[in-house]
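Below: the structure, in structure tokens.
Since every read-out is calculated from the coordinates, none of them should be taken as a lab result. Because the structure is a prediction, the values reported are computed rather than measured. Counting neighbours? That spans all protein chains shown, and the Cβs are built from the backbone with ideal geometry, glycine included.
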Amino acid sequence: MSTLTDRYVWAAVRSIPEKQRGELEPELRGLIADTADAQREKGVADPDIERATLLELGDPERLAAGYTERTLQLIGPRYYLDWLRLLKLLLAIVVPIAALGAALGRLIAGGDVGDVIAALFVTAIGVGVHLCFWVTLVFALVERDYSQRSKTGRDSPLLAWTPDTLPQLPAPAARRQSLAELIVSLVFLAVFAGWFFWQQFNSFLTDADGTPIPVLEPALWNGWMYWFLGLIALEMVFAVMVYQRGRMTLGLASIKLLLNVAFTVPAVWLLLTEQLINPAFLDAIPGTGADFEVAMTYTVPVIAFIVIGVAVWDVVDGFIKAWRSRHVTDAA
């Protein structure tokens, strides 16, 4: 069975409940075979039969909805799928960028962690509500202004569906690889999050009373520490998302980019403004003095550069994996 047909069937069955997929898939493949025979009888050349068949059948999600008698309607069935796909795309791209931009703007303006978090969530909610309202309103107006289109006797979507828009199949090999990556990622993130708590109560340096001196500035627990722990939790959710998807995609790589920016920018800013490392910890290091302070003026920028470099490498690695995954799937 060719990859293009497999992708068409996958796009159709993934939109219906799991228990119905076993019945729908053979029906769809039988319909595709019958339609292909009809195309052959019309004189369509063999290399073009598959594409012509899928074009005649149309959008796989619409076809699957017809089989399962599922109503594609909120503003009307004519443009429902166009509305849903556009809204999902805008929410996935615009909301995170707008929210992150607002949070970074508040951070640069000197706001505390409460202001940054408030800007993040208020902007995300506001932009999301506006997107849902205005996109739905536009499609509702378009739905009601179809008098000229109805003369053709066809309920055409705004964007003509083509087989080029079919999603890629999840690759079993990628799933096995991502399982190992999932385990490694979750263990690393759990250890990293645990270290935040561990260093607060356990340190190889102590004060005169024998109390452990935290490596990180204790004042971070007033807000910033929860920001970083929240991002680590989101990284865990992201790792599970990649595993469930079976491979890295450009959309997931973009989310990885946003998570890295949200973590790295505040961390580097706190480091460079001497708000990240506990001064008492540095003072307690044996042999510290004027030479140590001079060394730290050079060491801190190097650490910041390394942190940025690791984040950039992680982002680039995500996009490379997405490109390779797409390339391998297309070649299959």
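When N counts the residues of region 3-68, how does its alpha-carbon radius of gyration compare numerically with 2.2 N^0.38 Å, as a ratio? Intermediate results must be reported in sequence, preceding the final value.
Numbers: Rg = 12.0 Å, N = 66, 2.2 N^0.38 = 10.8 Å.
Computed over Cα atoms of region 3-68, the ratio equals 1.11.
Starting with the fewest neighbours, write out Y226, Y80 ranked by other beta-carbon atoms found within 10 Å of each beta-carbon.
Numbers: Y226 14, Y80 20.
Listed from fewest to most nearby Cβ atoms, that is Y226, Y80.
Rounded to the nearest 20 Debye, what is the dipole magnitude of region 3-68 about its Cα centre when Lys and Arg each give +1 and Asp and Glu each give -1 at the C-beta? Don't jump to the answer; show the numbers that get you there.
Working: 9 positive and 14 negative charges, 40 e Å.
Value, rounded to 20: 200 debye.
Skipping prolines and chain starts, which residues have an amide H placed within reach, meaning under 5 Å, of the one on L216, given they are 5 or more residues away or on another chain?
Hits under the 5 Å cutoff: N278.
Which length gain, in nm to one decimal place, applies between A190 and A284 when the Cα-Cα distance is subtracted from 0.36 nm times their residue separation? Could the numbers behind the result be given before it?
Values: separation 94, 0.36 × 94 = 33.84 nm, distance 2.84 nm.
Separation in residues times 0.36 nm, less the Cα-Cα distance, equals 31.0 nm.
Summing +1 for each Lys or Arg and -1 for each Asp or Glu, what net charge is found among the other residues whose Cβ lies under 14 Å from the Cβ of D46? Working shown, then result.
Numbers: positive: R40, K42, R51; negative: D37, E41, D48, E50.
With Lys, Arg at +1 and Asp, Glu at -1, the net is -1.
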